[in-house]
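Here the structure is laid out as structure tokens; the discussion comes afterwards.
Values quoted throughout were computed directly from the atomic coordinates according to the rules given, and no laboratory measurement underlies them. Note that the structure is a prediction, hence the values are computed from the model and not measured. Methodologically, a virtual Cβ is constructed for each residue, glycine included, from the backbone with ideal geometry; neighbour enumeration extends over all protein chains shown.
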Amino acid sequence: MKNFTLVGNQKLPTIYLNFQTGEMEFSGKSIPENAEFLFQPVLEWMDEYLKSPSEITIFVIKLEYFNTSSSKYLVEVFRKFENLFKSGGKVSIQWYYEQEDEDMQESGEDFRDILKVPVELIVY
Amino acid sequence: MAEIAEQQVKVKMDKVIFSYKGNPASEMIDFIFEMCVIKLDLIEDNLTIRKRVIYVLLELLQNILKHQEVCPTCYELPFKFYLKKTSEGYRILTENHVLQKNVKQLKKTIDGYVAMDTSDLNKNYRKILSNGNFNMNGGAGLGLIDIVRKTSGNLSYEFIPEGKESSLFVLNVNILAQ
């Protein structure tokens, strides 16, 4: 299995998924018109990763902004970890937002409300 | 009379940040969005407001891209847009054609969201966010409710009939500076 790396641009986020350390990060902007094109390879990578996950999985989300299509796929990505968490796996989703960005904070609260894995809201 | 005069003064004070009339091609929508973001970065110091305008702008523009409908018999241009700075915050206007058969449902959806209080809006937003469904054109079905949520329902719209098959959908959204 290989690590997953995508260098971001004006519309796509930088994505780094490390299968050895369990460190994963989305940063930048995620505003593609076709979010499936962006997230399908990520979801497939997750399926492979979950066959033999790292002892600890830490998912860092540090997005500047994202569209609603991306938010729906992010739910799908996070859902992949619900079973791992339920079966005793150590999973942490860290949702970063700027101090004054109330809407990004609210988005983090949305995810925390609907997911069955811990979502930590962190100001930066 | 005084109220009308006051309103006219307010409208005159509005400052157009960006406006566009023409085809809503994907590249043009990207360009409009990027230009608005650059200008907002320059003029709006309040991060909460700046980001909120960007979020709403993004959803409005991508909605146009996903739901644009062709009206070959219409004289009006297929898409109009402006972003203005007003005395109360920001106003975004979009105009695009919609098929007459979709007008009733669109009205019902917008009115339904606008009538909801914050708690119901959040509850419904989270329900749609978590349902795993995508619509035919790959949309999340969250654009309109997100716009209503972020603007606290501060929007107005009208459908101007353009013959039997189409209407011009005019949407005015206000983001208030708190």
Q. With labels modelled as points extended 7 Å from the Cα through the Cβ direction, what inter-label distance (nm, one decimal) is found for B:Val170 paired with A:Thr5?
A. 5.3 nm
Q) What residue among B:Lys164, B:Lys15, B:Lys39 shows peak mean-square fluctuation when chain B is described by a Gaussian network model with Cα springs under 10 Å? A) B:Lys164
Q. Short version: ³J(HN,Hα) in whole Hz for each residue of the range B:36-44, in order, from phi by Karplus 6.51 cos²θ - 1.76 cosθ + 1.60 (θ = phi - 60°), x for Gly and Pro, what are they?
A. 5, 4, 4, 5, 5, 4, 7, 9, 10
Q.
Using Cα springs under 10 Å in a Gaussian network model of chain B, which residue among B:Leu47, B:Leu93, B:Leu155 shows the largest mean-square fluctuation?
A. B:Leu47
(Q) Please report the antiparallel percentage of DSSP beta bridges with both residues in the range A:4-123, rounded to the nearest 5. (A) 25 percent
Q) What list do you get for B:His97, B:His67 if you sort them by fewest beta carbons within 10 Å? A) B:His67, B:His97
Q) Once the principal axes of the Cα atoms of chain A are found, what is the range along each, listed largest first in whole angstroms? A) 37, 27, 22
**Q.** Mean Cβ neighbour count within 10 Å, used as a protection proxy, ranking A:89-96, B:113-120, A:41-48 highest first
**A.** A:89-96, A:41-48, B:113-120
(Q) Tell me the mean residue ellipticity at 222 nm calculated for chain B from its helices only (DSSP H runs of n ≥ 4, each -39500 (n - 2.57), averaged over every residue, nearest 500). (A) -16500 deg cm²/dmol
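Among the listed pairs A:Lys80/B:Lys39; A:Lys116/B:Lys39; B:Lys39/B:Lys66; B:Lys66/B:Lys107, which are separated by more than 29 Å between their Cα atoms?
On the way: A:Lys80/B:Lys39 39 Å; A:Lys116/B:Lys39 40 Å; B:Lys39/B:Lys66 25 Å; B:Lys66/B:Lys107 18 Å.
As for pairs spanning more than 29 Å Cα to Cα, those are A:Lys80/B:Lys39; A:Lys116/B:Lys39.
At a 10 Å Cβ-Cβ cut-off, how would you order A:Leu17, B:Leu99, B:Leu61, fewest neighbours first?
Values: A:Leu17 20, B:Leu99 14, B:Leu61 23.
Going from sparsest to densest Cβ surroundings: B:Leu99, A:Leu17, B:Leu61.
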Q. Using a Förster distance of 51 Å, how high is the FRET efficiency between A:Asp47 and B:Gln100, based on the Cβ-Cβ distance and rounded to 0.05?
A. 0.70
Q: Enumerate the calculated ³J(HN,Hα) couplings along the range B:144-157 in order (Karplus 6.51 cos²θ - 1.76 cosθ + 1.60, θ = phi - 60°), each rounded to whole Hz, writing x wherever the residue is Gly or Pro.
A: 5, 5, 5, 5, 5, 5, 6, 9, 6, x, 7, 8, 9, 8
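Under the Kirkwood approximation applied to all pairs of distinct alpha-carbon atoms, what is the hydrodynamic radius of the protein assembly as shown in Å?
On the way: mean 1/r = 0.0484 Å⁻¹.
This gives a value of 20.7 Å.
Using Cα pairs under 8 angstrom and six or more residues apart, how large is the relative contact order of chain B, in percent? Don't skip to the answer; put the middle values down first.
Working: 243 pairs, mean separation 45.5, N = 178.
Relative contact order of chain B: 26 percent.
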Q.
Under 5 Å between amide hydrogens, which residues at least 5 positions from B:Gly89 or on another chain qualify, with H placed 1.01 Å from N in the peptide plane?
A. B:Ala177
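With a cut-off of 8 Å between alpha carbons and a minimum separation of six or more residues, what is the relative contact order of the range A:4-123 in percent?
On the way: 209 pairs, mean separation 26.0, N = 120.
Once normalised by length, the contact order is 22 percent.
In the range B:59-178, what is the volume of the convex hull around the alpha carbon atoms, normalised per residue and reported in Å³? List each step's numbers first, then the result.
Numbers: hull volume 12.9 nm³, N = 120.
Output value, Cα hull per residue: 107 Å³.
Helix-only mean residue ellipticity at 222 nm, chain A, DSSP H runs n ≥ 4 weighted -39,500 (n - 2.57), per residue, nearest 500. What is it? Please report the intermediate quantities before stating the final value.
Working: 4 runs with 45 residues, N = 124.
Only helices count here, giving -11000 deg cm²/dmol.
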